[in-house]
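What follows is calculated from the coordinates using simple rules that are stated; it is not laboratory data. Here the structure is a predicted model, which is why all the values come from computation and not from measurement. Glycine gets a Cβ as well: all are built from the backbone with ideal geometry, and neighbour counts include every protein chain shown.
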Amino acid sequence: MDGKTNDHLQTLREMRSRAVLGGGLKRIEQQHSRGKLTARERLSLLLDDGSFQEFGALATHNVSAFGLDKQRFPGDGIVTGFGKVSGRRVAVFAQDFTVLGGSFSEVQAQKISRLQDLALESGIPLIGLNDSGGARIQEGVRSLAAYGEVFVRNVMASGVIPQISLILGPCAGGAVYSPALTDFIIMAGDSTMFLTGPDVISAVTGEEVTAQTLGGVEVHTARSGVAHLSAPTEVAGLSLVKLLLSYLPQNNNEDPPQIRPDDPATRMDEALNSLIPNDENEPYDIRDVITAVFDRDSFLEIQPAYAANAVVGFVRLDGYSVGVVANQPAFMSGALNIDASDKISRFIRLCDAFNIPIITFVDCPGFLPGAKEEYGGVIRHGAKIIYAYCEATVPKISIVTRKAMGGAYVAMGAKQMRTDLAFAWPTAQIAVMGAEPAVRVLYREEVKKASDPAMRAAELVAEYREQFFNPYQAADVGQIDEVIEPRESRPRLARALEVLRTKVQQTPPKKHGVSPA
Ligand code: HXC
């Protein structure tokens, strides 16, 4: 090698070493002292060893306003490239808080957009590691336009490749919307997400808020529903990304990977036969049913703390990825409300987009009555569940475990909603409404006129229960395909999914539907 070549190599190596340092050693120390990892440390924990192929490491901004010309760092506050997670290809970006607080710039947008384009064209999941103070204020409209470049690509990629956002620090201002357009938001550690910062809120509204009370992990996992999962530490958050990916396909033209099952599909859990309490109003935890039916240790609940009256998540059955949707009798008796409707409908659409069959467990007394729900628009929110089930063309199976009352029976995947198979346990109760309200509506006069109204009402309630509080009328008219013993659920579902694996169902050609919002 001659001296000139050596010089060239030397220059490249120096530039690369500088790029690796992001905002410099002092900033890295600051990042560590905040209990946070750097962008590159995060990437090395996420990706298989030696798999990362970076691009754009030397890109820098060209803006001089507000002294920005003195703050030019190779990479411009973001690391972008391709790598592998458990041997599967992923596209990934990591915002670097050590460079101008990870603030979002024109160059960052160019790098992310390039990554998004390549990921979409090659059908590879996109993972974003977010840690940013929002639009780079000094860049003005450049940084605002930059968000637009990324948003449009988030939307184009939606339903084509899985998009996962991990929030590892502040995610402020415009920075929140790219994650909000992706499929999953996972918040780790003390991360925060807010549109308007605490200082501005206090100045404008006088409200006393902090970054945590405004947009901390608890807020977004339990109250707002913005985040789908959380992890106590950054390392746990990165592991959660890997776990989540294992249930998802590379893109919408592929199926999720099947893992070798270590739990026989024929296994029957005897405990299921006695899981439903004798007293029909006594709650039980539907998650006990889910964990008993599906492959051992395969349940990853999504949005566990939000709208706990509904349960959604990924499981495996015979090693295949499945989306499970259920009412939760242990919380609000499993009644459907606005938040549960949003949670369920979005999850169904996500599963449908990514070829993941849906299994629904129904135990629901109906939609939650009340003015608060009506004013909040429970009609349009509840309609989303119906829309999502009807629209979904993946294999769909439902099991009524106990109550399937009125609207809830229909909304939770009744046969007419293009559900492929409907099962019921012998404990199922399928009726238009509960016995007492039904008797009040149907027999008000008769009960009033009776010599002993209370006794007459009790007789009529008993008659109604005899008629409807079982699955046999529904089975008789073909609305339930088979009444099964609870312990048979696992083998039945596994065999049904095996049959349905090649299901093809068409929807009339259209630009897109207009889903209730
Ligand atoms: C430029 C920024 C910045 C930003 C932070 N920095 N945010 N630089 N543009 N948006 C810089 C800081 O000046 C600081 O530089 C360094 O990054 C680290 O920030 P700190 O404030 O020291 O860190 P911390 O105390 O951890 O607080 C982080 C923070 C806070 C909560 C994110 O910096 C903050 O509130 N930033 C502004 C958030 C915000 O309002 N963004 C909205 C922008 S408007 P020095 O050199 O001093 O250390 C927007 C609208 C887009 O995004 C809409 C599109 C749809």
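Tell me which residues, restricted to the range 150-177, are farther than 22 Å from His512 by Cα and away from the ligand (no atom under 11 Å from the Cβ).
Ile164, Ser165, Leu166, Ile167, Leu168
Working carefully through the options Asp190, Asp199, find the one that is surrounded by fewer than 22 Cβ atoms within 10 Å (Cβ to Cβ), over 15 Å from the mean Cα position of the chain (by Cα), farther than 27 Å from Ala307 by Cβ and within 11 Å of the ligand (Cβ to nearest atom).
Asp199
Rundown of residues vs (1) of a type in the set (A, V, I, L, M); (2) closer than 26 Å to Arg402 by Cα; (3) in contact with an Asp or Glu (Cβ under 9 Å, 6 or more places away or on another chain), yes/no style:
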| site | (1), (2), (3) |
| --- | --- |
| Val235 | yes, no, no |
| Gln250 | no, no, no |
| Asn253 | no, no, no |
| Ala271 | yes, yes, yes |
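What are the residues in the range 160-175 that are surrounded by 23 or more Cβ atoms within 10 Å (Cβ to Cβ), within 16 Å of the chain's Cα centre (by Cα) and not in a strand (DSSP E or B), if any?
If the condition is that a residue be surrounded by 23 or more Cβ atoms within 10 Å (Cβ to Cβ), within 16 Å of the chain's Cα centre (by Cα) and not in a strand (DSSP E or B), then Ile161, Pro162 are the ones that fit.
Could you list all residues from the range 312-328 that are touching a residue at least 40 places away in the same chain (Cβ under 8 Å) and touching a Lys or Arg at 6+ places or on another chain (Cβ under 7 Å)?
Within the range 312-328, Gly319, Val322 meet the criteria.
Taking helices (runs of 4 or more DSSP H) that do not extend beyond the range 354-462, which have at least 2 residues that are buried (at least 19 other Cβ atoms within 10 Å of the Cβ) and touching a residue at least 24 places away in the same chain (Cβ under 8 Å)?
378-391, 406-411, 435-442
Are any residues in the range 300-330 touching a Cys at 6+ places or on another chain (Cβ under 7 Å) and either more than 12 Å from Tyr247 (Cα to Cα) or not in a strand (DSSP E or B) (or both), and if so, which ones?
Answer for the range 300-330, where residues must be touching a Cys at 6+ places or on another chain (Cβ under 7 Å) and either more than 12 Å from Tyr247 (Cα to Cα) or not in a strand (DSSP E or B) (or both): just Asn327.
So Val85 fits all but one of (1) away from the ligand (no atom under 15 Å from the Cβ); (2) farther than 14 Å from Gln53 by Cα; (3) in contact (Cβ under 8 Å) with a residue 60 or more places away in the chain; what number is the exception?
All conditions are met except number (2).
Scanning for something within 16 Å of the ligand (Cβ to nearest atom) and aliphatic (A, V, I, L, M), does the range 49-65 turn up at least one residue?
Yes; the residues of the range 49-65 include at least one that is within 16 Å of the ligand (Cβ to nearest atom) and aliphatic (A, V, I, L, M).
Considering the range 420-447 alone, what residues qualify as being under 27 Å from Val499 (Cα atoms) and out of contact with any helix residue (DSSP H, G or I) (no Cβ under 7 Å at 6 or more places or on another chain)?
The answer is Pro426, Thr427, Ala428.
Among the residues of the range 107-117, is there at least one that is outside any helix (DSSP H, G or I), in contact with a helix residue (DSSP H, G or I) (Cβ under 9 Å, 6 or more places away or on another chain), within 21 Å of Leu166 (Cα to Cα) and of a type outside the set (A, V, I, L, M, F, W, C)?
No: zero hits.
Let me confirm something: among His228, His220, which residue is under 15 Å from Ser165 (Cβ atoms), within 19 Å of the chain's Cα centre (by Cα), free of Cβ contacts under 8 Å to residues at least 60 places away in the same chain and buried (at least 16 other Cβ atoms within 10 Å of the Cβ)?
Exactly one of His228, His220 is under 15 Å from Ser165 (Cβ atoms), within 19 Å of the chain's Cα centre (by Cα), free of Cβ contacts under 8 Å to residues at least 60 places away in the same chain and buried (at least 16 other Cβ atoms within 10 Å of the Cβ), namely His220.
Within the set of pairs 6+ apart or on separate chains, which have a first residue in the range 137-156 that is of a type in the set (Ser, Thr, Tyr), a second that is in a helix (DSSP H, G or I) and more than 8 Å from the ligand (Cβ to nearest atom), and C-beta atoms under 9 Å apart?
From residues that are of a type in the set (Ser, Thr, Tyr), the pairs are Ser143/Glu106; Ser143/Gln108; Ser143/Ala109; Tyr147/Ala109; Tyr147/Ser178.
Whether any residue in the range 93-105 is assigned to a strand (DSSP E or B) and either on the phi > 0 side of the Ramachandran plot or in contact with a Cys (Cβ under 6 Å, 6 or more places away or on another chain) (or both) is what I want to check.
So far as the range 93-105 goes, no, none of its residues is assigned to a strand (DSSP E or B) and either on the phi > 0 side of the Ramachandran plot or in contact with a Cys (Cβ under 6 Å, 6 or more places away or on another chain) (or both).
Would a scan of the range 14-24 turn up a residue that is surrounded by 11 or more Cβ atoms within 10 Å (Cβ to Cβ) and of a type in the set (S, T, N, Q)?
no
Among the residues of the range 132-147, count how many are more than 6 Å from the ligand (Cβ to nearest atom) and crowded, with 22+ Cβ neighbours inside 10 Å.
The total comes to 4.
Is it fair to say Thr80 is out of contact with any Cys (no Cβ under 9 Å at 6 or more places or on another chain), under 28 Å from Leu195 (Cα atoms), among the hydroxyl-bearing types (Ser, Thr, Tyr) and assigned to a loop (DSSP other than H, G, I, E, B)?
no
Go through the range 20-48 and count every residue that is assigned to a loop (DSSP other than H, G, I, E, B) and either more than 15 Å from Phe82 (Cβ to Cβ) or aliphatic (A, V, I, L, M) (or both).
Qualifying residue count, the range 20-48: 10.
Looking only at the range 138-149, which residues are in a helix (DSSP H, G or I) and under 14 Å from Ser103 (Cβ atoms)?
Scanning the range 138-149 gives Gln138, Glu139, Arg142, Ser143, Leu144, Ala146, Tyr147.
For the range 373-407, name all the residues that are within 16 Å of Ala517 (Cβ to Cβ) and charged (D, E, K, R).
Arg380, Lys384, Glu391, listed by residue number.
Test of understanding: among Thr80, Thr98, which residue is within 11 Å of the ligand (Cβ to nearest atom), hydroxyl-bearing (Ser, Thr, Tyr) and either surrounded by fewer than 24 Cβ atoms within 10 Å (Cβ to Cβ) or under 20 Å from Leu46 (Cα atoms) (or both)?
Going through Thr80, Thr98 in turn, the sole match is Thr98.
Considering Glu254, Glu280, which residue is in contact (Cβ under 8 Å) with a residue 40 or more places away in the chain, farther than 20 Å from Gly159 by Cα and acidic (Asp, Glu)?
Exactly one of Glu254, Glu280 is in contact (Cβ under 8 Å) with a residue 40 or more places away in the chain, farther than 20 Å from Gly159 by Cα and acidic (Asp, Glu), namely Glu280.
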